[in-house]
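Values in this text are rule-based calculations from the coordinates and carry no lab data. What you see is a predicted model, and the numbers here were worked out from it, not measured in a lab. Here the Cβ positions follow ideal geometry from the backbone for every residue, glycine too, while neighbour counts run over all protein chains shown.
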Amino acid sequence: MDTMFVSLAVILTGGALALLFARQFTLMKVATIATTSAGCLLGLVYSLSNLLGNTGTIEQSWHWLHIFTLAFKVDSIALFFLVPIFTVAPLALVYSYHYMNDKLKATRTAVNYFFFAVLVASMAMVVTASNIITFLLAWEIMSLSSFFLVVFDYQVKENRQAGYLYFIFAQGGAMILFAAFAILYRYTGSFDFDTFATIPESIKLLVFILAFLGFGSKAGIFPLHIWLPKAHPAAPSHISAIMSGVMIKMGIYGIFRIYLLLQASTPLIGEIVLMTGMVTGVLGVVYALAKQDIKQLLAYSSVENIGIILIGLGIGMIGVSEQNQTMAFFGFAGAFLHVFNHSIFKSLLFMGAGAVLHKAKSKNIDQLGGLMKRMPVTGRTFLAGSIAISGLPPFSGFIGEFLIYYGAFHGISNHRVPFILAILAIVSLAVIGGLAAACFTKVVGLAFLGEPRTDNAAQATEAGSSMTMIMILLATACLVIGVVPEPFIRLAFAGIKDIPHISGYDTQSFLLIVRHIAQTGAIFIGLLLLISLFRKMLYIKKKIDSGPTWGCGFTQPTVRMQYTGTSYAAEMIDFYRPFVPVKKIYTGITRIFPGKTTWNTTVEDVAEINFQQRLIQPLLKILGKLRWIQHGKIQLYIAYIVLAMIILLLFIAVP
């Protein structure tokens, strides 16, 4: 474990170098990126070597302030979650070299790099913590550092509001976690995670539900997801990549870890997780389909993928309660593999969105178009990420979902509730996959194909070399994982090897199926390349003319006649009402010679609406009536403090 702490020290040193060289912009970026990336690569080598080797559980602890103990424990689950942390972070840093290129914001950029290093180190501490004090300390550092990363462009009002909303949800989730851990400490009298299983069975469900809500707020489960589509458009794109690709998975880690630690026998936990995953996945992708802001769309897509991961975990938990080892093994393995895959293709998509924003000066897909010709690397890599996130073979998203499908189909043999839930899980995954394909067909079709809809889109050029290099690397990874999936599936199997309910499961027959899938994918790629080569050979000496697309009778078509994102998705969105309320504004035609008319369609988040109507507005009304307490008289403020102390002392004194 010493190697991991050395890697964290190097990462934090990289963050400190950013502050030290803040006045020397280029040197600051080079020194920070090189040092922090070196620390991440050291941590990645440590994680992979221990995960794929036969190394057992490693523990280490120190006394802190002579009162508390900072305790760390590394098992296969922690090692697996360290892999995406240490993989995505250096890639995001290299991408940022050309992305963060405004010398007028040199100090702000240095601070951003510093908090980036703190975020990476704190996430690693979260997954290796083995007692309450260590975990909550790392969790709070992670939340605070990511808040400062979100408000990078704090001069923009919307970005500040997004940061405040994220902060409220982060701290609200933390308060719920404090409540869950307080109950655990009440019954165990210990801060150690290993004591959680000793609490009464009747209390375990309550503790899990509280922890599920607290961790779910960070993960973005429905309806606690509303901070994601606000925070991701506000943050720089490489920050959105690591927050969506990695940080929200800390919520997934927390949910799974508390489930294992409690060792609860009730099947209700798995049912709650599975049903939440189905709702989160379907509604997440529907809202993504409805959005025209490309970064908001990707944020809602992250909600969708959290739903897919929860479906896998729920299937695994139900398999454990039903003593169906195959269902449990592949549910957990599929969820773990999707955690890794999502970190790759979602980082790629956010980086692609960042390149588009940099060069086309817009996040609205209705103001883009024709970027595939002007930004060919960005367009093709974004297309690869879109295929992967849609779960289509032979790209990476397919194989993770295939494992979850495999586990779900093995749950059909059970009776009663598990049978129904397994069927619903399969249907939900199919619906999510279809809607995801429609969603990213919309993005690629409107933003990268067709004709430019604005002058900025028409004048766009390719992004900087550090940005395109990382996007090519990530797109290649999406294809390699899909075509050669066995090593990555073995990585997921290694991640769950320390789970007692499924240890010793024989995977040889399944790996044979995987090899057949890999061969099919390789044959498909080979045929595609041969057909492309044959087509190119046929056109070598032929003259190729170009002309306008048939305009359906129009002699002077304009770019405004192209499909919009709203019209493309309208019928699919209407199917999901009232869960997806659509607000339409139409001024109408009231005169013989009408003036300017307005037609505007917006899709509102039903969770956000209910938070505002049922929680925020009543709370503001109550607080408004208590405004008289804040009168500005210092003497009465002191009296409040004294009165509160007296009440607390009386409460303590009464047995």
| Could you state the number of Å between the C-alpha centres of the range 288-333 and the range 46-94? | 24 Å
| Simple spin-label model, 7 Å along Cα-to-Cβ: Asp102 to Leu268 in nm? | 5.1 nm
| query | Lys103: which lysines have alpha carbons under 16 Å from its alpha carbon, excluding same-chain residues fewer than 8 sequence positions away? | reply | Lys29
| Loop-located chymotrypsin sites (Phe, Trp or Tyr not before Pro) in the range 290-377 whose Cβ has at most 12 other Cβ within 10 Å (DSSP) | none
| query | Stretch His516-Ala16 to full length: gain in nm at 0.36 nm per residue minus the Cα-Cα span? | reply | 175.1 nm
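By counting other Cβ atoms within 10 Å of each Cβ, how are Cys552, Cys40, Cys478 ranked from fewest to most?
Final ranking by Cβ density, sparse to dense: Cys552, Cys478, Cys40.
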| Given charges at Cβ of Lys, Arg, Asp, Glu: the range 460-584 dipole, positive-most of Met561, Thr461, Pro581 | Met561
| Met645 paired with Ser61, simple spin-label distance in nm, labels 7 Å along Cα-to-beta-carbon | 3.5 nm
| query | Reachable aspartates and glutamates from Lys359, Cα under 15 Å, same-chain residues fewer than 8 places away excluded? | reply | Asp102, Asp455, Glu462
| said: Can you compute the FRET efficiency between Leu615 and Lys541 using 1/(1 + (r/R0)^6), with r the Cβ-Cβ distance and R0 = 51 Å? Round to the nearest 0.05. | reply: 0.15
| query | Along the charge dipole of the chain, which of Leu529, Gly370, Ile252 sits closest to the positive end, that is, farthest toward it, with unit charges on the beta carbon of Lys, Arg, Asp and Glu (+1, +1, -1, -1)? | reply | Gly370
| query | With charges set only on the Cβ (+1 for Lys and Arg, -1 for Asp and Glu), what does the dipole of the chain come to about its Cα centre, in debye to the nearest 20? | reply | 2180 debye
| field | Simple spin-label estimate for Tyr563 and Phe534 in nanometres, 7 Å along Cα-Cβ | value | 2.9 nm
| the range 564-603: Cα Rg divided by the 2.2 N^0.38 Å rule of thumb | 1.46
| task | List the lysines whose Cα lies under 16 Å from the Cα of Lys249, skipping any in the same chain that are fewer than 8 positions away. | result | Lys218, Lys346
| note | Expressed as a whole-number percentage, the relative contact order of the range 564-603 with C-alpha contacts under 8 angstrom and at least six residues apart is 38 percent
| remark: The ³J(HN,Hα) series, computed from each phi in the range 597-612 with the Karplus coefficients 6.51, -1.76 and 1.60 at θ = phi - 60°, rounded to the nearest Hz and given as x for glycine or proline, is 10, 10, 10, 9, 10, 10, 9, 9, 7, 4, 5, 5, 4, 5, 4, 5
| request: May I ask you to list the trypsin sites (Lys or Arg not before Pro) in the range 542-622 that are in a DSSP loop and have at most 13 other Cβ atoms within 10 Å of their Cβ? | output: Lys542, Lys543, Arg591, Lys596
| said: So if each residue of separation counts as 0.36 nm, and I subtract the Cα-Cα distance between Ile203 and Trp628, what length gain in nm does that give? | reply: 148.9 nm
| Could you state the number of Å between the C-alpha centres of the range 250-271 and the range 418-460? | 31 Å
| What is the Cα centroid distance between the range 501-526 and the range 210-224, reported in whole angstrom? | 33 Å
